[in-house]
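S.K.: Following this message is one structure expressed as structure tokens.
Derivation of every value follows stated rules applied to the coordinates shown; laboratory data play no part. Just so we're clear, the structure is a prediction, and the values are computed from it rather than from any experiment. FYI the Cβ positions are ideal-geometry reconstructions off the backbone, even for glycines, and counts take in every protein chain you see.
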Amino acid sequence: MPTVREATFDLFRKHGMTRMFGNPGSTELPMLQDFPDDFEYVLGLQEAVVVAMADGHAQVTGRPALVNLHTAPGLGNAVGALFNAQANHSPVVVTVGQQVRAQMTLQANLTNRDAIRVPDPYVKYSYEPPRAEDVPLAIAHAIHLASLPPRGPVMVSLPMDDWDVEVDASDIAHILNREVGGRATADPASVERLAERIKAAKNPIAVAGPDIDAAGAWDEMIALSEDQNLGVWACPAPGGGRIGFPESHPHWRGVLPPAIGMVTPTLEGHDLIVVVGMSVFPYYPYLPGPLLPDGAELVQITSDPDEAARAPMGDAIVADVRLTLAALLEQLDGTDREPPPAWPGPSRMEDSDPLSGSVVHSILKENLPDDAIVVLESPSSTLALRNQLRISRPNSYFLGAGGGLGFGLGSSVGIQIAEPDRPVVCVLGEGSAQYAVTALWTAAAYNVPVTFLVLRNEEYAILKWFAEVEEVTGSPGLDLPALETAKIASGYGVESVMARTAEEVGSALAEAIADPKPRLVEVPIQAGISLF
């Protein structure tokens with residue numbers, strides 16, 4: 001008879017989940033006993049960092065990533081990262097240790113008193129099996145739910161004395177042999193109606209969201225744009241955690257602004273807005289205004305029923321994005337509309353002392369390999385990076401869609417582990433870096449060759465911008481003087497350098513990207529927001 005441990009690890013093998021991201025404690029040690037040789041344990045020094053690593057890994061591979069956390073305090077530390085994973089639609093499977101069953105009712109030390117409720121708002125499934133024998137089925141349930149659209153994180157709480165309990169071999173065979181798939185096709189009538197509306201529109205426009213990238217639908221989105229001469233806006237940041245359309249394409253229009261009162265004027269003049277693979281819309285901050293321009297209609301294509309249901313306007317088709325676009329293309333056959341005017345974008349900015357964020361990103365563009373992956377958590381220069389780099393390959397850009405800091409540094413390590421043959425550059429503000437700074441240790445300990453580019457403006461510049469928008473004056477806590485990220489990184493074992501001039505930045509980035517070890521480049525930049 002197999003034990004719970006043996007059955008569970010066989011289940012992980014079946015799903016290709018042989019890499020575990022974790023920060024173990026005493027309640028997790030029984031699970032990890034005699035850790036199998038064909039598994040890899042990636043240690044993180046703090047739980048939010050561990051979840052961020054798994055989040056990035058799951059997104060770039062498209063497969064569920066396995067996380068191991070330490071009972072109540074570990075799960076508590078990880079909740080903010082689960083919020084981001086939920087927004088990213090990342091299939092992260094979290095296992096959390098629990099006290100032995102005999103002491104749970106006593107609420108002995110380290111008992112997770114209400115394990116199910118702690119992460120509940122941020123996961124698709126939160127469960128603690130009533131019997132040890134139920135552990136494999138509960139974990140299988142979690143893996144399947146995490147992988148089905150809309151993908152997202154799940155959590156299973158596991159008492160530490162369950163692992164050596166024997167389970168029925170025939171029951172385990174059934175669990176291991178199951179396959180669960182979930183790519184839903186759209187109602188043909190709905191697709192046909194959308195095709196007719198696109199044909200009839202005088203000036204339609206499209207908005208490309210992150211689920212295009214996750215669904216592998218770049219070719220279909222490009223084909224739709226070219227067949228119907230549609231301009232394509234990118235999803236507003238930070239809601240756009242991934243890119244769904246090449247930003248070097250002549251039909252690309254730029255990044256849609258994030259607030260109601262800004263989106264509507266931007267879309268003025270368009271009579272049909274087709275929103276693909278995203279919510280409508282990830283608004284923030286609150287700047288009121290009409291939801292749509294006069295005379296405009298909106299149709300959304302999303303794999304997430306909740307995204308469709310909560311939209312305040314327009315119609316929606318709930319189905320797999322790639323399959324829906326493919327079906328839509330079958331209903332279309334070119335157009336007489338003129339192509340949209342090309343958006344030239346910004347040129348290289350003038351050097352200054354200190355450099356601006358825009359100049360740094362233009363230097364990064366000059367040194368960035370074609371197959372590079374960019375992970376971004378620099379809120380004050382997000383638009384500058386997008387405008388300068390014009391990222392144009394699938395699976396090449398990742399940002400925490402939830403807006404919570406801590407995603408970037410950790411996820412870049414998980415992404416680089418998953419993609420060892422592609423260079424990964426993680427662009428951070430020096431404030432953002434502190435939320436997951438211990439991930440630098442993992443990068444050094446496992447020789448994960450991420451290039452960390454830290455923009456140091458000695459302030460929370462994005463918060464100062466929000467203060468202006470919200471008409472807030474005199475707020476404390478918005479300055480960050482004397483925060484030496486390069487020195488911190490050196491302490492974790494990551495070779496680091498401070499670069500101040502354009503020449504120094506270019507040289508440092510070229511060396512870092514070529515190095516098979518992790519490197520950090522810190523660049524002092526001008527205060528304020530960088531847009532172009």
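S.K.: Mind checking region 50-146 for trypsin sites (Lys or Arg not before Pro) that DSSP puts in a loop (not H, G, I, E or B) and that have at most 14 other Cβ atoms within 10 Å?
M.R.: Here the sparse-neighbourhood loop sites are ARG113, ARG117, ARG131.
S.K.: Here is a follow-up. Taking H as built 1.01 Å from N, whose amide H comes closer than 5 Å to the amide H of ASP315, not counting residues under 5 places away?
M.R.: The list, which skips near neighbours in sequence, is LEU298, VAL299, GLN300.
S.K.: For every other residue with a beta carbon closer than 11 angstrom to the beta carbon of ASN203, add +1 if it is Lys or Arg and -1 if Asp or Glu, then tell me the sum.
M.R.: -1
S.K.: Which pairs, out of LYS487/LYS517; LYS124/LYS199; LYS14/LYS517; LYS365/LYS487; LYS365/LYS517, put more than 28 Å between their alpha-carbon atoms?
M.R.: Long pairs (Cα-Cα over 28 Å): LYS124/LYS199; LYS14/LYS517.
S.K.: In sequence order, what are the phi-derived ³J(HN,Hα) couplings for region 246-259 according to the Karplus relation 6.51 cos²θ - 1.76 cosθ + 1.60 with θ = phi - 60°, rounded to whole Hz, with x for glycine and proline?
M.R.: Working through the residues one at a time gives x, 7, 8, 6, x, 8, 5, 9, x, 9, 5, x, x, 10 Hz.
S.K.: Counting other Cβ atoms within 10 Å of each Cβ, which GluC sites (Glu not before Pro) in region 213-286 have at most 16 and sit in a DSSP loop?
M.R.: Those that pass, being in a loop and sparsely packed, are GLU268.
S.K.: Step through the residues of region 31-41 one at a time and calculate ³J(HN,Hα) from phi using the Karplus curve (6.51 cos²θ - 1.76 cosθ + 1.60, θ = phi - 60°), rounding each to whole Hz and writing x for Gly and Pro.
M.R.: Taking θ as phi minus 60°, the curve returns 5, 8, 4, 6, 3, x, 5, 8, 10, 10, 9 Hz for region 31-41.
S.K.: Roughly what % of DSSP beta bridges within the chain run antiparallel, to the nearest 5?
M.R.: Close to 5 percent.
S.K.: Now, a different point. With the cut-off at 1.5 for a/c, could you classify region 140-196 from its C-alpha gyration tensor as rounded, prolate or oblate?
M.R.: oblate
S.K.: At q = 0.10 Å⁻¹, what log₁₀ I(q)/I(0) does a Debye calculation on the Cα points of the chain give, no solvent, two decimals?
M.R.: The Cα Debye sum returns log10 ratios of -0.83.
S.K.: If amide H atoms are built 1.01 Å from N in the plane of the peptide, which residues on other chains or at least 5 residues away come under 5 Å of the amide H of LEU272?
M.R.: Under 5 Å from the amide H of LEU272: ASN203, ILE205, GLU297.
S.K.: Here's another thing I want to ask about it. Take the alpha carbon gyration tensor of region 4-176, find the square roots of its eigenvalues, order them as a ≥ b ≥ c, and report rounded if a/c is under 1.5; if not, report prolate when a/b exceeds b/c, else oblate.
M.R.: The shape class here is rounded.
S.K.: Considering the dipole of the chain built from charges on the beta carbon (Lys and Arg +1, Asp and Glu -1) around the Cα centre, which of SER225, ASN177, ALA443 is farthest to its positive end?
M.R.: Result: ALA443.
S.K.: Any idea what the dipole of the chain comes to, in debye rounded to 20, about its Cα centre with Lys/Arg Cβ at +1 and Asp/Glu Cβ at -1?
M.R.: 240
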